[in-house]
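Visitor: Sharing a structure with you now.
The values are calculated or read from the model by the stated rules, or taken from the named source; none is laboratory data. Predicted model, so just to flag it, every value in this text is computed and none were measured. Counting neighbours? That spans all protein chains shown, and the Cβs are built from the backbone with ideal geometry, glycine included.
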Amino acid sequence: MGKIHWLGTGLSAIPGLKMLIEKGHSVVVYNRTVDKAIEALSGVNGDYQVVPFSLNAVKQYAIAGDLVVSMLPGNFHVPVAELCLSLDAHFVSSSYISDEMRVLNDAAKEKNLCFVNEVGLDPGIDHSMSHALVEDYKKSSVFSAQNEHFFLSYCGGLSDIPNDFCYKFSWSPLGVLKALMSTSVSIRDGEVYTVTKPWESVELYPLPMPWGEDEFEVYPNRDSLPFIEQYKMDGGLKINQFVRGTLRYKGWKNAWRDIFSEVDSLESSLAEDRLKEISDDLWNKYSYKEDEVDRVILTVELKVEKESQVIWHKQFLMDTLGNDKGSAMAQLVSCSVALAVEAVINQEIPPGVSAAPHQSELVNRWLKQAEEICDHFVLIDHLN
């Protein structure tokens, strides 16, 4: 394997990039502002160089057998992956696999290239937790496709201490606002459950924290259904509930009620401009200040019932704060990406377009690293 080409040194990029450099990998770092990248890597010793970002620059420096990491905004991923195809280079990103990315699968396989996605936090570590739970359950003596299965996965990037808005922004609020206008699809009571306004499906969700039970607010997001197959819960399993969603501090729904009301009333022709105005206002009021600590909570839970009796119930729960190594979000996202890079280098991931690996050895490696980063990381067996 040749060089690693790391594109972007934004908020969620640096800890994993440092990890690869300090482990002795040869890295070319690309950023629009070279000085910012150099400053972010100050004190890091290793074989790396920083160059101005452009697709032409990647084309100039990357060769066959190299690996390109896209930590850029989502609209760059497919063009970068297409460039990788032309260069015979591997590709890694933390983002969801888009339809346009999926189209590249056959071409990547034909060239024996790995195009790995969904290897950050959410998506990423949540996939690893899900694979671990499902594999554990399927190996248990109580496994049966005819049992009732309840799957919940919630992740939230939060402020260390709740404010009056129950949220803070580490980058433009526009993405969060647009997500509020996106339909979610999940399974509830054995039926497909579609929600066009996320705030109308907010529920209280208690978590067993070390200091006692703590209530949060959760709601489904995106389309959960494709992940039934991805987590190997297809094949006839009777699914009563399957939700992947967002976690917020208790009080979030009430604190955001004026935002919800305005988003709900926007005419489509005016929506983009008004959302930008709202985004700018929220950024001015509720963005993180320099050196302010963030918090990440992720939980994945699988409960199984037979004849209305719980027969299997386990739950991953992790909770962590930012520290001198970086924000909680940055560490969990970028260090997971770095593991994916090394897995490709070690030829542990098959060619083609893929998401976070399901192989037990790799799943355990991802979870072990997450545990090392987190302040609190536990697998709870609710029946023992």
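Visitor: Considering only residues that are assigned to a strand (DSSP E or B) and among the polar types (S, T, N, Q), which ones fall in region 295-314?
Guide: THR299, GLN309
Visitor: Can you tell me which of SER98, SER186 is of a type in the set (Ser, Thr, Tyr), closer than 28 Å to ALA370 by Cβ and surrounded by 18 or more Cβ atoms within 10 Å (Cβ to Cβ)?
Guide: Criteria check complete, one pass: SER186.
Visitor: Can you name the helices (runs of 4 or more DSSP H) wholly within region 71-170 that have at least 1 residues being in contact (Cβ under 8 Å) with a residue 60 or more places away in the chain and within 18 Å of the chain's Cα centre (by Cα)?
Guide: 99-102, 125-138
Visitor: Check off (1) assigned to a loop (DSSP other than H, G, I, E, B); (2) assigned by TED's automatic domain parsing to the domain that holds ILE228; (3) surrounded by 20 or more Cβ atoms within 10 Å (Cβ to Cβ) for GLU292 and give me the number that stays unchecked.
Guide: (3)
Visitor: Go through region 367-380 and give me each residue that's assigned to a helix (DSSP H, G or I), among the charged types (D, E, K, R) and touching a residue at least 24 places away in the same chain (Cβ under 8 Å).
Guide: Of everything in region 367-380, just one residue is assigned to a helix (DSSP H, G or I), among the charged types (D, E, K, R) and touching a residue at least 24 places away in the same chain (Cβ under 8 Å), namely GLU371.
Visitor: For region 256-274, name all the residues that are assigned to a helix (DSSP H, G or I), surrounded by 14 or more Cβ atoms within 10 Å (Cβ to Cβ) and modelled with pLDDT of 90 or more.
Guide: Across region 256-274, the qualifying residues are ILE259, PHE260.
Visitor: With the condition kept exactly as written, say whether any residue in region 34-57 is out of contact with any Cys (no Cβ under 6 Å at 6 or more places or on another chain), of a type in the set (Phe, Trp, Tyr) and at pLDDT 95 or above.
Guide: Checking region 34-57: at least one residue is out of contact with any Cys (no Cβ under 6 Å at 6 or more places or on another chain), of a type in the set (Phe, Trp, Tyr) and at pLDDT 95 or above.
Visitor: Can you name the condition, by its number, that MET181 falls short on among (1) touching a residue at least 60 places away in the same chain (Cβ under 8 Å); (2) buried (at least 17 other Cβ atoms within 10 Å of the Cβ); (3) among the aliphatic types (A, V, I, L, M)?
Guide: (2)
Let's see how each residue does on (1) touching a strand residue (DSSP E or B) at 6+ places or on another chain (Cβ under 7 Å); (2) under 22 Å from CYS155 (Cβ atoms); (3) not in a helix (DSSP H, G or I):
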residue	(1), (2), (3)
ALA340	yes, yes, no
ILE349	yes, no, yes
VAL353	yes, no, yes
HIS358	no, yes, yes
LEU362	no, yes, no
ARG365	no, yes, no
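Visitor: Can we say PHE151 is aromatic (Phe, Trp, Tyr), closer than 30 Å to ALA328 by Cα and either in the same structural domain as ALA64 (by TED's automatic domain parsing) or surrounded by fewer than 22 Cβ atoms within 10 Å (Cβ to Cβ) (or both)?
Guide: In short, no.
Visitor: Sticking with this one: List the number of the failed condition for GLU229; all other conditions in (1) outside any helix (DSSP H, G or I); (2) of a type in the set (Asp, Glu); (3) modelled with pLDDT of 95 or more hold.
Guide: Just one mismatch for GLU229, condition (1).
Visitor: Which pairs turn up if I take residues in region 189-213 that are without any contact (Cβ under 8 Å) to a residue 60 or more places away in the chain and among the hydrophobic types (A, V, I, L, M, F, W, C) and look for partners that are part of a loop (DSSP other than H, G, I, E, B) and buried (at least 18 other Cβ atoms within 10 Å of the Cβ) with beta carbon separation below 6 Å, at least 6 apart in sequence or on another chain?
Guide: As it stands, the answer is none, since no pair meets every condition given.
Visitor: Something else about it: Starting from residues that are buried (at least 23 other Cβ atoms within 10 Å of the Cβ) and in contact with a helix residue (DSSP H, G or I) (Cβ under 6 Å, 6 or more places away or on another chain), keep the ones in region 15-26 and report whichever is farthest from ILE63 (Cα to Cα).
Guide: Among them, the one singled out is GLY16.
Visitor: Follow-up question, since we're still on this one. Within region 31-53, does at least one residue satisfy the condition of being β-branched (Val, Ile, Thr), in contact with a Gly (Cβ under 7 Å, 6 or more places away or on another chain) and surrounded by 13 or more Cβ atoms within 10 Å (Cβ to Cβ)?
Guide: No, because not a single residue in region 31-53 is β-branched (Val, Ile, Thr), in contact with a Gly (Cβ under 7 Å, 6 or more places away or on another chain) and surrounded by 13 or more Cβ atoms within 10 Å (Cβ to Cβ).
Visitor: Let me ask something additional. State whether the residues of region 238-245 include one that is basic (Lys, Arg) and under 19 Å from LYS178 (Cα atoms).
Guide: For region 238-245, residues basic (Lys, Arg) and under 19 Å from LYS178 (Cα atoms): present.
Visitor: May I pose another question? Could you give every pair whose Cβ atoms fall below 6 Å, whose first residue belongs to region 237-255 and is over 16 Å from SER186 (Cα atoms) and modelled with pLDDT under 95, and whose second residue is surrounded by 17 or more Cβ atoms within 10 Å (Cβ to Cβ) and of a type in the set (Gly, Ala, Ser), counting only separations of at least 6 or pairs across chains?
Guide: Between residues of region 237-255 that are over 16 Å from SER186 (Cα atoms) and modelled with pLDDT under 95 and residues that are surrounded by 17 or more Cβ atoms within 10 Å (Cβ to Cβ) and of a type in the set (Gly, Ala, Ser), there is no close pair.
Visitor: Could I ask something else about it? Could you figure out which of (1) modelled with pLDDT under 95; (2) under 15 Å from ASP126 (Cα atoms) isn't true of SER224?
Guide: Failing condition for SER224: (1).
Visitor: For VAL176, only one of the following conditions fails: (1) among the β-branched types (Val, Ile, Thr); (2) closer than 22 Å to ALA328 by Cβ; (3) at pLDDT 95 or above. What is its number?
Guide: Against the list (1) among the β-branched types (Val, Ile, Thr); (2) closer than 22 Å to ALA328 by Cβ; (3) at pLDDT 95 or above, VAL176 comes up short only on (3).
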